[in-house]
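J.: Have a look at the structure that comes next, please.
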Protein chains: 2
Amino acid sequence: MKLRVKDMDIATGGIMVAILNKKDAKKLDLHSGDRILVKDHSKEVTCILDISESKKAVSEGKIGLFEEVLRHLGVRRGNTVSVKYTGKPESIKHIRDKLYGKHLNYTELYHIIDDITHDRLTDIEKTYFVAAGFVNKFSTQEVVDLTKAMVETGQKLKFKGVTLDKHCVGGVPGNRTTMVVVPIVAAAGFTLPKTSSRAITSAAGTADAMECLAQVELSRKKIKQVVHATGACIVHGGSIHLAPADDKIIEVEHPLSIDAEGQLLASVMAKKFSVTASHVLIDIPMGKSVKAKTKKQALHLKSMFELIGKRLGMQVKVMITNGSQPIGYGIGPLLEAEDVMAVLRNNPRAPQDLKEKALTLAGLMLEMTGKYKDGMAVARKLLEDGSALRKMHQIIAAQGKVPKPVLGHYTFVARSTKSGKVREIDNEIIAKIARIAGAPEDKGSGLLLEKKVGELVSKGKVLYTVYAESSSKLDLAVDFLKENKGYHIGD
Amino acid sequence: MKLRVKDMDIATGGIMVAILNKKDAKKLDLHSGDRILVKDHSKEVTCILDISESKKAVSEGKIGLFEEVLRHLGVRRGNTVSVKYTGKPESIKHIRDKLYGKHLNYTELYHIIDDITHDRLTDIEKTYFVAAGFVNKFSTQEVVDLTKAMVETGQKLKFKGVTLDKHCVGGVPGNRTTMVVVPIVAAAGFTLPKTSSRAITSAAGTADAMECLAQVELSRKKIKQVVHATGACIVHGGSIHLAPADDKIIEVEHPLSIDAEGQLLASVMAKKFSVTASHVLIDIPMGKSVKAKTKKQALHLKSMFELIGKRLGMQVKVMITNGSQPIGYGIGPLLEAEDVMAVLRNNPRAPQDLKEKALTLAGLMLEMTGKYKDGMAVARKLLEDGSALRKMHQIIAAQGKVPKPVLGHYTFVARSTKSGKVREIDNEIIAKIARIAGAPEDKGSGLLLEKKVGELVSKGKVLYTVYAESSSKLDLAVDFLKENKGYHIGD
């Protein structure tokens with residue numbers, strides 16, 4: 001069937017979509033979600049079909065194409081293309097099998113992950129995959145295969161010899177230990193090519209905070225240069241396409257806030273495998289408002305990470321840490337970067353919780369290499385004698401120093417409405433307020449905490465200051481915190 | 001936040017959608033799929049948020065609204081509305097619970113079904129519900145509660161006393177027994193308010209075939225009048241909103257072609273419960289290319305229908321029938337209606353398979369009432385003495401007679417390429433060819449079969465004739481059948 005192109009003026013960010021009027025779809029007996037082959041004279045592309053119920057969006061005889069399709073085919077409004085039904089990708093069958101409880105092998109998982117990576121599955125199809133893996137639980141072998149498939153469908157960064165890496169299962173605001181641990185471990189002479197993420201639901205990811213000090217969007221070639229020169233890096237992993245299926249899976253997990261364990265394990269391990277890490281330290285914070293809410297959950301996750309690591313030939317150590325409140329004082333890219341630099345500079349007012357947690361993690365990593373018995377003492381020496389700070393300056397210079405952002409000019413001081421002891425700080429609420437104030441895009445926005453759990457506060461005293469780069473964002477943040485400050489003050 | 005309305009010129013057919021530019025979404029920390037309250041001065045509506053990545057579709061400061069939202073708020077392009085984040089519906093929590101394997105109670109299932117009915121859930125959320133119910137299996141109690149929730153969220157048609165109904169689990173082309181059974185049973189003096197569906201993936205539903213003889217889109221009031229006057233009706237159930245959640249669930253089952261048993265049972269039983277049926281006969285065809293492929297599957301489905309019926313206080317009888325090939329000769333609305341009328345008229349050339357199956361089913365229904373011992377003999381008498389035909393004429397007159405459609409003028413004769421015995425006829429392929437030829441929208445389009453399973457055919461002899469109302473549709477159908485005629489001829 002020949003159809004005239006209508007430019008829908010919409011970009012999906014990847015997925016190829018074509019829209020037919022319902023009458024044309026009927027003629028070919030096509031349904032929403034079916035795959036059609038759209039052909040110009042020389043080029044063709046498989047699109048996912050959407051149906052226009054009215055003639056307003058797409059009338060009979062026309063085909064509405066999204067930006068990605070127009071670009072791929074090199075066609076414009078008014079051009080003629082032909083369409084033809086084409087079967088669903090083979091991966092759909094494998095997803096069905098998983099729904100029916102079948103064990104999937106590597107090839108089948110590879111098909112699914114490859115199609116997800118290349119936007120060949122619809123949201124509904126991806127959701128069935130996530131739901132099937134969630135309810136029917138991936139076996140250890142499936143998680144191992146899923147990890148390998150995620151690695152194979154992405155780019156790799158290869159390093160020789162002992163290569164360290166770390167990961168935190170997230171959820172704790174201000175938890176910027178990576179930026180302290182990396183320079184310590186590198187100062188001890190080890191290789192640690194750290195690729196970090198940006199914030200998704202938090203106020204800052206390591207990549208967002210590091211970007212206040214240095215460039216983080218580096219090419220793979222540049223990253224290798226930085227690591228060869230300094231032993232380490234702290235860069236954004238998103239732009240170099242290590243195991244990219246992960247982000248596309250998260251998109252359909254978000255609406256129900258489910259944590260499909262198999263996918264979580266695979267996505268973390270795939271990022272490590274992609275940089276050929278031999279020794280990996282995993283930090284699992286445990287607390288009310290983080291991922292692992294109970295000791296049991298944390299221990300289960302720990303054993304799974306260890307098991308998968310073993311099967312992948314990586315040495316994995318897992319540490320369960322306190323995730324009951326934010327770490328450090330600053331929440332937001334710049335404020336967190338400043339906490340980190342204060343620790344590295346041995347500033348006496350630097351947050352001690354951040355310092356001690358980073359030393360513990362760095363100590364464990366050093367011990368994992370087999371070179372040290374009391375790793376924490378070595379780590380403390382490298383931090384306190386200025387070696388870690390010098391290493392951080394080297395890394396910053398190698399990645400490319402950037403002008404430091406300015407702290408938001410618009411501020412609001414949140415005060416306690418009663419006297420008492422701080423019993424709890426809600427990580428999610430604190431992150432939400434910082435985000436509404438502009439973090440992580442506005443680097444100078446965020447919260448500076450004055451009180452932490454266990455401290456006494458009098459009525460009317462400062463709990464934290466909100467910083468924003470615009471008055472309108474500050475207003476929105478204040479509107480929000482008036483309903484919930486995120487602090488529980490008890491007797 | 002105040003935003004200027006952009007008319008997206010798109011109708012979704014129900015669901016309320018609003019689009020924000022990603023920068024505005026970021027300001028309010030909103031994500032795709034979040035719910036926002038969109039407010040005019042006096043009216044407000046909860047919308048599901050979509051994010052525009054570029055400024056092309058929706059630029060900063062604007063809000064793209066779909067037709068449904070514009071109509072609901074009574075706003076137009078350029079008007080100003082305010083938006084505010086609002087939590088997800090409570091039903092999301094219940095869907096999560098089901099994913100985690102929890103048993104849902106009536107109230108929880110009601111919330112989910114009510115939100116599905118009123119388009120308050122996204123496709124991703126609905127998919128999680130279907131997948132959770134599919135993998136974690138609904139218990140019998142949950143299916144009963146799901147049925148009741150589907151009934152309560154729809155309209156009802158109440159009848160007094162013994163009320164019969166029947167249902168076929170579908171998949172067999174030409175299986176128009178309903179149109180023979182209903183007049184027989186009504187001629188015996190019973191009430192049978194039959195609401196039927198239109199074709200979804202088949203060449204004709206009972207509603208499509210009946211529409212060649214009478215009006216089928218009747219109001220609830222009119223349906224009651226018809227049933228009071230004649231004892232029965234054969235109308236389209238879709239437009240009177242009996243258990244409407246069903247159709248919206250099917251939308252997300254289609255992409256993976258999964259049959260979530262719990263939903264299937266609930267949707268069938270809900271339609272029966274909505275018309276206060278006391279005695280229900282279920283026909284489960286069994287065969288390679290229908291829903292129940294094996295005896296085991298058919299028997300399991302049978303026991304579930306009986307169990308659910310019992311729990312709902314309905315007398316349910318299930319008959320497993322031969323679903324290995326089409327029934328009758330005609331495939332397509334008019335051709336199927338003609339098969340039916342030939343049976344009712346006792347035309348000697350009427351399809352005997354349709355006649356005998358209808359008599360068996362009618363006989364069973366008559367026996368279920370407790371009034372007859374040998375129901376089939378009674379049914380045969382009522383058919384052969386012309387009572388059933390007279391009843392059919394009464395029903396047609398009461399619903400409103402329509403001019404008979406004309407058989408498609410464009411024909412193509414499909415011939416056998418070898419000599420031998422017809423071993424198999426693929427129900428799905430036959431339906432597909434009829435659909436491409438125009439059925440069910442083009443009432444006079446479809447297939448007239450010359451050969452059925454077990455018959456001998458010589459090379460070059462006719463297998464079937466394709467009828468179409470337009471030459472272009474005939475061409476498309478011929479293109480398709482050249483690759484697969486749907487017949488397997490063996491030695």
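The values are calculated or read from the model by the stated rules, or taken from the named source; none is laboratory data. What you are looking at is a predicted structure, and each value in this text was computed from that prediction instead of being measured. Glycine gets a Cβ as well: all are built from the backbone with ideal geometry, and neighbour counts include every protein chain shown. For the accessible areas, the whole protein counts, side chains as well, though only heavy atoms, and no ligand, DNA or RNA atoms are used. Shrake-Rupley method; radii C 1.70, N 1.55, O 1.52, S 1.80 Å.
J.: What shape does the range A:2-86 have by the C-alpha gyration tensor, where a ≥ b ≥ c are the square roots of the eigenvalues, rounded means a/c under 1.5, and otherwise prolate means a/b greater than b/c and oblate the rest? Please list the in-between numbers first.
T.: Numbers: a/c = 1.33, a/b = 1.25, b/c = 1.06.
Judged from the Cα gyration tensor, the range A:2-86 comes out rounded (a/c under 1.5).
J.: Which residue, chosen from B:Gly61, B:Ala18, B:Gly170, occupies the Cα position most advanced towards the positive end of the dipole of the protein assembly as shown, where the dipole is computed from +1 (Lys, Arg) and -1 (Asp, Glu) charges on Cβ about the Cα centre?
T.: Farthest towards the positive pole: B:Gly170.
J.: Can you give the angle from 0 to 90° between the axis of helix B:427-436 and the longest principal axis of chain B, with both taken from C-alpha atoms, to the nearest 10?
T.: On a 0 to 90 degree scale, this one is about 70.
J.: Right, next: Say the cut-off is 32 Å between C-alpha atoms; which of A:Lys23/B:Lys224; A:Lys62/B:Lys98; A:Lys102/B:Lys126 go over it? Spell out each step's value before the answer.
T.: Working: A:Lys23/B:Lys224 34 Å; A:Lys62/B:Lys98 42 Å; A:Lys102/B:Lys126 23 Å.
Correct reply: A:Lys23/B:Lys224; A:Lys62/B:Lys98.
J.: Then there's this: Relative contact order for chain B: what is it in percent, counting Cα pairs under 8 Å that are at least 6 residues apart?
T.: Working: 1072 pairs, mean separation 70.1, N = 491.
Contact order relative to length: 14 percent.
J.: Looking at the square roots a ≥ b ≥ c of the eigenvalues of the Cα gyration tensor of the range B:90-137, which shape do they give, rounded for a/c under 1.5, prolate if a/b is larger than b/c, or oblate?
T.: On the way: a/c = 1.95, a/b = 1.26, b/c = 1.55.
Oblate.
J.: What list of ³J(HN,Hα) values in whole Hz, one per residue of the range B:312-328 in order, does the Karplus curve 6.51 cos²θ - 1.76 cosθ + 1.60 (θ = phi - 60°) give from phi, with Gly and Pro shown as x?
T.: 8, x, 10, 8, 10, 10, 10, 10, 8, 10, 6, x, 7, 7, x, 9, x
J.: Under 13 Å Cα-Cα from B:Lys452, which aspartates and glutamates qualify once same-chain neighbours fewer than 8 residues away are excluded?
T.: Within the straight-line cut-off, B:Lys452 pairs with B:Asp353, B:Glu424, B:Asp426.
J.: Oh, and also: Shortest first and in nm with one decimal, please list how far the B:Ser219 label point sits from its counterparts in the other copies (point 7 Å along Cα→Cβ).
T.: Computed spacing set for this position: 7.2 nm.
J.: Starting from the Cα of A:Lys55, step 7 Å along the direction of its Cβ; do the same at B:Glu53; then give the gap between the two resulting points in nm.
T.: 3.3
J.: Please figure out what share of the DSSP beta bridges in the range B:1-73 is antiparallel and state it in percent, rounded to the nearest 5.
T.: On the way: 8 of 17 bridges.
Expressed as a percentage, antiparallel bridges in the range B:1-73 total about 45.
J.: Moving on to the next point. If you average the sequence gap of Cα pairs under 8 Å that are 6 or more apart and divide by the length of the range A:91-137, what percent do you get for the contact order? Don't jump to the answer; show the numbers that get you there.
T.: On the way: 31 pairs, mean separation 24.0, N = 47.
Reported as a whole number, the value is 51 percent.
J.: How much length would be gained if the chain were fully extended between A:Arg390 and A:Lys452, taking 0.36 nm per residue of separation minus their Cα-Cα distance, in nm to one decimal?
T.: Values: separation 62, 0.36 × 62 = 22.32 nm, distance 3.04 nm.
The A:Arg390-A:Lys452 span can extend by a further 19.3 nm.
J.: Which whole-angstrom value gives the distance between the alpha carbon centres of the range B:417-478 and the range A:164-204?
T.: 65
J.: Let me ask you something else. So what's the Cα pair-distance distribution over the range A:96-216, bin width 10 Å, in %?
T.: Each 10 Å bin holds this share of Cα pairs: 11, 29, 31, 23, 6, 0.
J.: Would you list, by chain and number, the aspartates and glutamates whose Cα falls below 19 Å from the Cα of A:Lys194, excluding same-chain residues fewer than 8 positions away?
T.: A:Asp165, A:Asp208, A:Glu211, A:Glu217, A:Asp246, A:Asp247, A:Asp283, A:Glu336, A:Glu367
J.: Provide the three semi-axes, in whole Å and in decreasing order, of the ellipsoid equivalent to chain A as defined by the square roots of 5 times the Cα gyration tensor eigenvalues. Working shown, then result.
T.: Working: eigenvalues 374, 156, 98 Å².
They are 43, 28, 22 Å, listed largest first.
J.: As a test, work out the antiparallel percent of DSSP beta bridges whose residues both lie in the protein assembly as shown, rounded to the nearest 5. Intermediate values should be presented prior to the final figure.
T.: Numbers: 70 of 128 bridges.
DSSP beta bridges in the protein assembly as shown are roughly 55 percent antiparallel.
J.: Relative to the longest principal axis of the C-alpha atoms of chain B, give the angle of the C-alpha long axis of helix B:295-311, reported between 0 and 90° and rounded to the nearest 10°.
T.: 70
J.: OK, next. How many nm separate the modelled label positions at B:Ser219 and B:Leu37, each set 7 Å beyond the Cα in the direction of the Cβ?
T.: Computed distance between label sites B:Ser219 and B:Leu37 equals 3.7 nm.
J.: If you don't mind, there's one more thing I want to ask. Return the loop-located trypsin sites (Lys or Arg not before Pro) in the range A:251-349 (DSSP other than H, G, I, E, B) with at most 11 other Cβ atoms within 10 Å of their own Cβ; answer none if there are none.
T.: Values: sites: A:Lys271, A:Lys272, A:Lys288, A:Lys291, A:Lys293, A:Lys295, A:Lys296, A:Lys302, A:Lys310, A:Arg311, A:Lys317, A:Arg345, A:Arg349; in loops: A:Lys288, A:Lys291, A:Lys293, A:Arg345, A:Arg349.
Qualifying residues, ordered by number: A:Arg349.
J.: Using only the Cα atoms of the range A:274-386, build the gyration tensor, take square roots of its eigenvalues as a ≥ b ≥ c, and label the shape rounded, prolate or oblate: rounded if a/c is under 1.5, else prolate if a/b is larger than b/c, else oblate. Write down the numbers at each step before the final one.
T.: Details: a/c = 2.14, a/b = 1.26, b/c = 1.70.
Oblate is the answer for the range A:274-386, as a/c is 1.5 or above yet b/c matches or exceeds a/b.
J.: Write down the percent of antiparallel bridges among all DSSP beta bridges whose residues are both part of chain A, to the nearest 5. Spell out each step's value before the answer.
T.: Numbers: 35 of 64 bridges.
Within chain A, antiparallel bridges account for around 55 percent of the total.
J.: Continuing with this model, one more query. Enter the angle in degrees (range 0 to 90, nearest 10) between the Cα long axis of helix B:220-230 and the first principal axis of the Cα atoms of chain B, meaning the one along which they spread out most.
T.: Long axis of B:220-230 versus the principal axis of chain B: about 20 degrees.
J.: Based on the inverse mean of 1/r over its pairs of different Cα atoms, what is the Kirkwood hydrodynamic radius of the range B:36-127, in Å? Walk me through the intermediate numbers first.
T.: Numbers: mean 1/r = 0.0660 Å⁻¹.
This gives a value of 15.1 Å.
J.: State the answer as a single residue: which of B:Ile234, B:Ser219, B:Leu389 lies farthest towards the positive end of the charge dipole of chain B, with beta carbon charges of +1 for Lys and Arg and -1 for Asp and Glu, about the Cα centre.
T.: Toward the positive end, the furthest listed residue is B:Leu389.
J.: Between copies, how close do the A:Gly74 label points come, placed 7 Å along Cα→Cβ, listed in nm from shortest?
T.: Distances between equivalent label points, in nm: 5.4.
J.: Can I ask one more? If I ignore ligands, DNA and RNA and count only protein heavy atoms, how much of A:Leu3 is accessible to a 1.4 Å probe, in Å² to the nearest 10?
T.: Result for A:Leu3: roughly 0 Å² accessible.
J.: Here's a follow-up. Could you tally the net charge around A:Leu157, taking each other residue with its Cβ under 9 Å from the Cβ of A:Leu157, Lys/Arg +1 and Asp/Glu -1?
T.: Numbers: positive: A:Lys156, A:Lys158, A:Arg220, A:Lys224; negative: none.
Once all neighbours under 9 Å are counted, the net charge is +4.
J.: So what does A:Lys381 come to for accessible area, using a 1.4 Å probe and Å² rounded to 10?
T.: Ignoring ligands and nucleic acids, A:Lys381 comes out at about 130 Å².
J.: log₁₀ I(q)/I(0) of the protein assembly as shown at q = 0.06, 0.10 Å⁻¹, via Debye over equal Cα point scatterers, no solvent, to two decimals?
T.: Per q value, in the given order, log10 I(q)/I(0) is -0.53, -1.20.
J.: Label point 7 Å out from A:Ser472 along Cα-to-Cβ: which residues of the range B:21-56 have amide N under 11 Å?
T.: In the range B:21-56, the label zone of A:Ser472 (backbone N under 11 Å from the point 7 Å along Cα→Cβ) covers B:24-25, B:27-28.
J.: So the label point sits 7 Å from Cα along the Cα-to-Cβ vector; using that for A:Glu428, what distances do you get to the other copies, in nanometres, sorted shortest first?
T.: 4.3
J.: Tell me, what ³J(HN,Hα) does each residue in the range B:264-278 have, in order and in whole Hz, if you take phi through Karplus 6.51 cos²θ - 1.76 cosθ + 1.60 with θ = phi - 60° and put x for Gly and Pro?
T.: So the J values, rounded to whole Hz, are 4, 4, 5, 5, 5, 5, 5, 5, 5, 5, 5, 9, 6, 5, 9.
J.: Moving on. At a Förster radius of 35 Å, what calculated FRET efficiency corresponds to the Cβ-Cβ distance of B:Gln141 and A:Ser324, to the nearest 0.05? Provide the component values of the computation, followed by the final result.
T.: Values: r = 40 Å, r/R0 = 1.14.
My answer for the efficiency is 0.30.
J.: For the range A:410-490, what D do you get in µm² per second when you plug the Kirkwood radius from alpha-carbon pairs into Stokes-Einstein at 4 °C and 1.567 mPa s?
T.: Roughly 104 µm²/s, to the nearest whole number.
J.: At 222 nm, what value in deg cm²/dmol follows for chain A if DSSP H runs of at least 4 each add -39500 (n - 2.57) and the sum is divided by all its residues, to the nearest 500?
T.: Details: 18 runs with 201 residues, N = 491.
For chain A, the value works out to -12500 deg cm²/dmol.
J.: On to the next question. Using the alpha-carbon centroid of each, what span in Å lies between the range A:94-122 and the range B:120-137?
T.: Taking the Cα centre of the range B:120-137 as reference, the centre of the range A:94-122 is 18 Å away.
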